[in-house]
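Below you'll find the structure, written out as structure tokens, and then a few comments.
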Amino acid sequence: MTKFQQRAAAAALACAGLLCGLNAQAAIPIQHWTLPNGAKVYLAATDALPIIDAQVDFDAGSRRDPPAQAGLASVSAGMVEKGVRANGADPALDENALGEAWADLGASFDAGAGSERTSFTLRTLSDPALLDKAVALAAREIGEPAFPDDIWQREREQINAAIREADTKPATAAGKAFAQAVYGAHPYGQETTEATLARIDVAAMRQRYAQLIQPCRAKISIVGAVTRAQADAIATRLLSRLPVPAGGCAPLPPVAEIAPLAAPKEERIPFASAQAHVLIGEPGYKRSDPEHFALTLGNYVLGGGGFVSRLTEEVREKRGLAYSVYSGFSPGLHAGAFRVAFQTRPDQADEAVRVSREVLRKFVADGPTEAELQAAKDNLIGGYPLLLDSNRKLLGNVANIAWNDLPLDYLDTWIARMNAVTVAQVKAAFAHKLQPERMVTVVVGAKP
């Protein structure tokens with residue numbers, strides 16, 4: 001394949017999501033096994049397109065950052081793409097050489113970190129010659145990052161500039177205050193600042209990487225035109241450049257749970273802005289919670305359903321207090337926050353907060369009506385095929401199953417479990433999870 005053909009392949013990959021939707025299937029079986037090195041593999045084989053997507057996840061998100069070095073997970077992941085070190089006959093590659101190498105293969109590789117996991121994603125055509133080279137290059141990036149100091153100095157200045165820019169916006173102030181009030185000392189609420197970045201050097205990145213990015217800790221999700229034997233070989237090779245700890249895979253220390261709120265808290269932050277930014281909420285629930293489906297449907301009725309939600313009806317349509325208002329849960333390995341969010345004129349902030357609290361209180365007390373619940377089911381179930389209409393989306397769902405240890409038939413039973421939820425179950429779930437009288441309220445932009 002010529003370089004022109006290889007670069008054309010990259011364009012084909014970019015539009016693959018649109019094409020894959022033509023043949024999306026709601027029930028693609030997921031296979032699961034464990035490699036000899038301890039890594040867990042999840043495979044959804046589909047031959048809709050000659051493409052393979054893979055995601056490798058490690059328990060190396062920001063929840064494992066030292067408080068004094070908040071941001072370490074994110075910047076370490078970002079630096080993975082800035083170069084690989086030389087190893088034997090393999091030469092060192094800087095970020096420009098890596099970019100050219102991926103372009104020549106018509107493939108892509110990304111590294112990133114969230115609150116819970118550090119993730120590496122690979123997308124490549126399934127052509128054997130290209131696949132082999134793409135997996136080999138991805139293995140080098142995962143296993144042999146260079147962490148060049150001069151690049152980190154540049155990156156840190158750029159991140160600092162972005163932090164300073166973000167701090168000029170009321171939404172940033174609201175988000176920081178809300179996270180601190182809801183999560184307290186839990187790592188979910190840690191804030192990356194110029195001070196914490198100043199304490200991070202490439203030595204800290206290398207040390208953290210060696211401790212957390214180990215084959216035995218990996219969860220590998222693979223989607224696309226590949227057999228189980230091929231997927232096993234791909235997963236094995238992706239981790240082949242990582243050193244295996246001599247003492248075996250010691251369990252990571254547990255991360256403390258998020259403490260429930262004991263009392264309500266209201267914080268008003270003056271800010272010179274045309275709109276007041278409002279957040280109301282508290283810790284929500286873990287993704288493994290058996291009431292997940294009831295909470296998902298209930299939240300659609302409350303504030304997740306856009307213009308058909310109760311919050312929109314009461315806050316926007318009846319009173320004109322905000323252009324948009326929404327509610328949502330963010331479940332994870334810990335009880336991610338529930339929040340109600342909107343913007344309003346500063347002089348209307350008190351009224352908008354009062355109405356939102358009342359809608360929330362009434363919903364928790366009474367639950368949805370039968371008609372509201374059925375409408376929520378119709379909408380969410382009707383949109384279910386859109387959750388699986390591309391390789392990337394399917395990969396995200398498989399990785400979600402892997403990360404949260406959900407049943408392998410989760411996608412097959414999703415519609416049935418949604419349909420089985422009752423009004424009583426939604427009411428009970430919200431009563432179990434939310435205490436409107438104890439919530440945090442943050443208002444940024446109105447007079448204190």
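The values are calculated or read from the model by the stated rules, or taken from the named source; none is laboratory data. What you see is a predicted model; the values in this text were computed from it and never measured. Glycine also receives a Cβ, built like all others from the backbone with ideal geometry; neighbour counts cover every protein chain displayed.
Key figures
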{"item": "Condition met for Ala259 (modelled with pLDDT of 95 or more, outside the structural domain of Ala429 (by TED's automatic domain parsing) and farther than 30 Å from Asp110 by Cβ)", "result": "yes"}
{"item": "Matching entry among Ala171, Ala195 (being assigned by TED's automatic domain parsing to the domain that holds Leu98, under 24 Å from the mean Cα position of the chain (by Cα) and in a helix (DSSP H, G or I))", "result": "Ala171"}
{"item": "First in the stretch 419-442 and within 26 Å of Tyr183 (Cβ to Cβ) and of a type in the set (Lys, Arg), second anywhere and assigned to a helix (DSSP H, G or I) and modelled with pLDDT of 95 or more, Cβ under 7 Å, 6 or more apart", "result": "Lys433/Leu295"}
{"item": "Residue tally, condition assigned to a helix (DSSP H, G or I) and surrounded by fewer than 21 Cβ atoms within 10 Å (Cβ to Cβ), over the stretch 337-351", "result": "5"}
{"item": "All positions within the stretch 53-80 that are buried (at least 19 other Cβ atoms within 10 Å of the Cβ) and either in contact with a Pro (Cβ under 9 Å, 6 or more places away or on another chain) or not assigned by TED's automatic domain parsing to the domain that holds Pro145 (or both)", "result": "Gly61, Ser62, Arg63, Arg64, Asp65, Ala70, Leu72, Ser76, Met79, Val80"}
{"item": "Criterion violated by Pro253 - all others in (1) assigned by TED's automatic domain parsing to the domain that holds Gly78; (2) surrounded by fewer than 17 Cβ atoms within 10 Å (Cβ to Cβ) satisfied", "result": "(1)"}
{"item": "Single unsatisfied condition, Ser126 versus (1) polar (S, T, N, Q); (2) within 28 Å of Leu252 (Cβ to Cβ); (3) touching a strand residue (DSSP E or B) at 6+ places or on another chain (Cβ under 7 Å)", "result": "(2)"}
{"item": "Elements of type helices (runs of 4 or more DSSP H) contained in the stretch 1-83, each with 1 or more residues being of a type in the set (Asp, Glu) and at pLDDT below 95", "result": "none"}
{"item": "Qualifying residues in the stretch 96-114 (those that are more than 25 Å from the chain's Cα centre (by Cα) and either assigned to a strand (DSSP E or B) or in contact (Cβ under 8 Å) with a residue 24 or more places away in the chain (or both)) - the one nearest to Arg63 (Cα to Cα)", "result": "Leu98"}
{"item": "Criterion: closer than 30 Å to Ala272 by Cβ and of a type in the set (Gly, Ala, Ser) - qualifying residue of Ala198, Ala210, Ala203", "result": "Ala198"}
{"item": "Subset of the stretch 260-304 [within 20 Å of Ala420 (Cβ to Cβ), crowded, with 18+ Cβ neighbours inside 10 Å and small (Gly, Ala, Ser)]", "result": "Ala294, Gly298, Gly304"}
{"item": "Subset of the stretch 310-336 [free of Cβ contacts under 8 Å to residues at least 60 places away in the same chain, more than 19 Å from Ala431 (Cα to Cα) and part of a loop (DSSP other than H, G, I, E, B)]", "result": "Lys318, Arg319, Gly320, Leu321, Ala322, Tyr323, Ser324"}
{"item": "Pair list, Cβ under 7 Å, 6 or more apart: the stretch 242-256 residue over 15 Å from Ala210 (Cβ atoms), other residue at pLDDT 95 or above and not in a loop (DSSP other than H, G, I, E, B)", "result": "Val255/Arg63; Val255/Pro187"}
